[in-house]
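One structure is given below, encoded as structure tokens.
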Amino acid sequence: MNIYYLGPKGTYSEKASEIAKKFIENSELIPVSTISKIVEIVNNNEKAYAVLPYENSIEGIVRQTIDNIYPTDVKIQAEIDIKIEHCFISKTNDLKKIRKIYSHPQALAQCSDFITKNFDEKIELIVANSTSDAANIILNGDETYSAIASEGIAHKLNLNIVCKNIGNIKENKTRFILISKNKKEFAKNDKTTIVFNTKNEPGALLKILEIFNKYNLNLTYLESRPSKEIFGEYNFFADIDKPFDVIKSAMNEIREKCNFYKLLGSYPVLNH
């Protein structure tokens, strides 16, 4: 069994994958450069698993993940929550020498207060595929280069940690999901994720929400994304804090009022 994750090594995705590995026997971790490629690999291999970033407590949903998984046959098998503590790293300890900051777009956004406080408008923010990629880029640069990345990758590459835990909000977490076509059985399921598409008419979404209210179901997350088929038409992604077996009747009613409905998974939150 292979577990694919958003690489390279040293990312928070790898950290989440190491937790998933404890629950999947004889598995190996393999880094992949993009989310779309990871989903393609898993969708074409019954024995493959993957760990993907799904939602951040500051920046919200990772759109590349939900946009790629819902059209496929993969299912969410589990959730893994990781605390995110971004560090500012460089070859120098002098912030005045820094001219470029590399990182993943989410990390740059999550640390915007630190950047605004310590640098003027001349600072160049450069997007990298991952925080780990950013660290590897500055390894080949001079003292004007810096990155926002994890403490672990800084130690691994022998780079200076100029500042620790520089996020706008100190209790920053990212929710990762374990996906596969191969159903992974756990002792219990904690929550359910669905995607649905309503009729494009007044009150259509309200009718769906009324069903949640009727069955006293708590929606812990609701996100709209363009359907990419008809302009002005949206898919809604919803998390419910109960297993599917408990909410099956409600889901049947919702399905009847939707143009499109799909169960993306009923799964546990893994302890670690």
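Odds and ends about this structure:
- Only Lys, Arg, Asp and Glu carry charge here, each on its Cβ (+1 for the first two, -1 for the last two); on that basis the chain has a dipole of about 220 debye about its Cα centre.
- Translational diffusion of the stretch 1-70, µm² s⁻¹ [Kirkwood Rh, Cα pairs; Stokes-Einstein; 4 °C; 1.567 mPa s]: 106
- Relative to the globular-protein estimate of 2.2 N^0.38 Å, the Cα radius of gyration of the stretch 87-163 stands at 0.94.
- The share of Cα pairs per 10 Å bin across the chain, counted from zero up to the longest distance, runs 7, 28, 30, 22, 11, 3, 0 percent.
- Distances between placed amide hydrogens fall under 5 Å for K173 paired with S57, I58, I84, all partners being 5 or more residues away or on another chain.
- This model, with +1 at the C-beta of Lys and Arg and -1 at the C-beta of Asp and Glu, gives the stretch 25-128 a dipole about its Cα centre of some 600 debye.
- Distance distribution P(r), the stretch 114-272, all Cα-Cα pairs, bin width 10 angstrom from 0: 8, 27, 21, 21, 18, 5, 0 percent.
- Overall shape of the stretch 21-129 was characterised from the C-alpha gyration tensor. The equivalent ellipsoid obtained from it has semi-axes of 34, 15, 13 Å, in decreasing order.
- Pairs from the list K22/K91; K9/K248; K15/K181 with a Cα-Cα gap above 30 Å: K22/K91; K9/K248.
- Residue pairs exceeding 27 angstrom between C-alpha atoms, taken from K173/K199; K75/K164; K37/K242; K191/K214; K83/K207: K173/K199; K75/K164; K37/K242; K83/K207.
- With all pairs of separate Cα atoms included, the stretch 191-267 yields a Kirkwood hydrodynamic radius of 12.5 Å.
- For the chain, the mean residue ellipticity at 222 nm estimated from helices alone is -8000 deg cm²/dmol, where every DSSP H run of n ≥ 4 contributes -39500 (n - 2.57) and the total is divided by all residues, rounded to the nearest 500.
Read the figures in this text as sums done on the coordinates, not as results from a lab. Computed from a predicted structure; not experimentally measured. Note: ideal-geometry Cβ built from the backbone for every residue, glycine included; neighbour counts use all protein chains shown.
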